[in-house]
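Notes for the one structure printed next.
Nothing in this text is a laboratory measurement; each read-out follows from the coordinates by a stated rule. Please read these numbers as outputs of a predicted model, since none were measured by experiment. When we count neighbours, we look across all protein chains shown, and the Cβ atoms used for this are built from the backbone with ideal geometry, even at glycine.
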Amino acid sequence: MSDMMQAIAENIYQGDDTQVAALVRKALAQDTTPEQVLAQGLIAGMDQVGRDFKAGDLFVPEVLVAARAMSAGMLILRPLLAERGAPSVGKYVIGTVRGDLHDIGKNLVRMMLEGAGFEIVDLGTDVPPAAFVDAVRTHRPSLVGMSALLTTTMTQMKATIDALEEAGLRDTVKVMIGGAPVTADYAQRIGADAYAPDAATAVDVARELAA
Ligand code: B1M
């Protein structure tokens, strides 16, 4: 990894959004591609944040500022990635399920998918099944992703799948679920097509499902 990419990753980790934006601009001016900046700078930094958070070495405030720094970098990269015509590999509707306001993980998944070329429709948090159904009807995505962080809201994933079924739309989309309390076994039990334990895996799984 180049020194510049390393510096971007480190500033993501430190949560310095001003530095991240400045370094991303500098890297692009030096002919580093937006894809390289995303993968080797932003995502590399955020991966480390994720690992250290899981290990208990970082806490939520640090994760939040790192995510904010990642957003500052994405703000610059997003139009460039779109402009370079990275062909859309599929449309992806994503949201945190009804009753659930946790969106840090969902936003990370969203950013990684965007970086991988998915066209994202983000419904935000506390999304009722009917809103997922409406979005599928309107946007005709190839994938729907649901995030839940509470054991009490996980059940909304099944409610959403049932609502898609009732609307006659279940066969038009693949459903992916994730979030700390969710497991592959749960995904299978509620009839989801896939589960991803983290944002990087979510991209791999989404690519497979969209192929
Ligand atoms: Co809440 N919270 N929280 N919380 N919160 C948890 C989840 C909890 C485990 C804390 C605890 O008690 N130990 C607990 C849930 C217990 C349970 O149900 N088993 C809990 C609780 C109880 C609550 C409240 C009820 C607290 C209260 O008010 N009494 C309340 C509920 C509000 C609501 O949603 N209705 C609440 C509120 C909040 C805050 C608002 C303060 C804040 C959320 C801020 C925000 O998101 N904007 C918050 C936070 C930050 C947490 C913890 C500390 C951190 C969650 C997080 O952001 N992790 C969490 C404890 C913990 O996890 N240690 C906790 C970092 C993030 C990167 O990881 O979201 O897991 P994660 O996402 C990962 C993967 O899961 C995966 O990829 C991501 C990146 O690798 N992934 C997907 C996620 N979504 C995916 C979707 C996919 C694929 C992969 O496909 C579509």
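Volume per residue of the convex hull around the Cα atoms, evaluated for segment 1-100, comes out as 123 Å³. Classify segment 99-161 from the C-alpha gyration tensor, please: rounded if a/c falls under 1.5, else prolate or oblate depending on whether a/b exceeds b/c. Because a/c hits 1.5 or more and a/b fails to exceed b/c, segment 99-161 counts as oblate. Let me know the whole percent of all Cα-Cα pairs from segment 58-106 that are separated by more than 16 Å. Considering segment 58-106, 61 percent of its Cα-Cα pairs are separated by more than 16 Å.
Short-range pairs are left out: with C-alpha atoms under 8 Å and at least six residues apart, the relative contact order of segment 106-166 is 38 percent.
Summing Lys and Arg as +1 and Asp and Glu as -1 over all other residues whose Cβ lies under 13 Å from the Cβ of ALA69 gives a net charge of -3. When the helices of the chain are scored as -39500 (n - 2.57) per DSSP H run of n ≥ 4 and the total is divided over every residue, the value at 222 nm lands at -17000 deg cm²/dmol.
Any idea what the dipole of segment 13-83 comes to, in debye rounded to 20, about its Cα centre with Lys/Arg Cβ at +1 and Asp/Glu Cβ at -1? Provide the component values of the computation, followed by the final result.
Details: 6 positive and 9 negative charges, 18 e Å.
Charge dipole of segment 13-83: 80 debye, to the nearest 20.
Shown here is the pair-distance distribution of segment 68-193: with all Cα-Cα distances grouped in 5 Å bins from zero up to the longest one, the shares run 2, 11, 22, 23, 20, 12, 7, 3, 0 percent. Across the options ALA135, MET74, ALA167, the greatest Cα extent toward the positive end of the charge dipole of the chain (unit charges at beta carbon of Lys, Arg, Asp, Glu) belongs to ALA167.
Inter-part distance, segment 27-58 to segment 104-174, computed on C-alpha centroids, equals 26 Å. The angle separating the long axis of helix 155-166 from the principal Cα axis of greatest extent in the chain is about 60 degrees. Taking Cα atoms only, the orientation of helix 104-115 departs from the longest principal axis of the chain by about 70 degrees. So how many Lys-Lys pairs in the chain land under 17 Å Cα to Cα, not counting same-chain pairs under 8 apart? Within the chain, the lysine pair count is 4. Against the chain, whose longest principal axis is taken from its Cα atoms, helix 199-210 shows a tilt of about 50°.
Go ahead and set up a Gaussian network model of the chain, Cα springs under 10 Å, then flag whichever of ASP134, ASP17, ASP122 fluctuates most. Greatest mean-square fluctuation among the candidates belongs to ASP134. Remark: the chain projects, on average over all directions, an area of 11.3 nm² (convex hull of Cα atoms).
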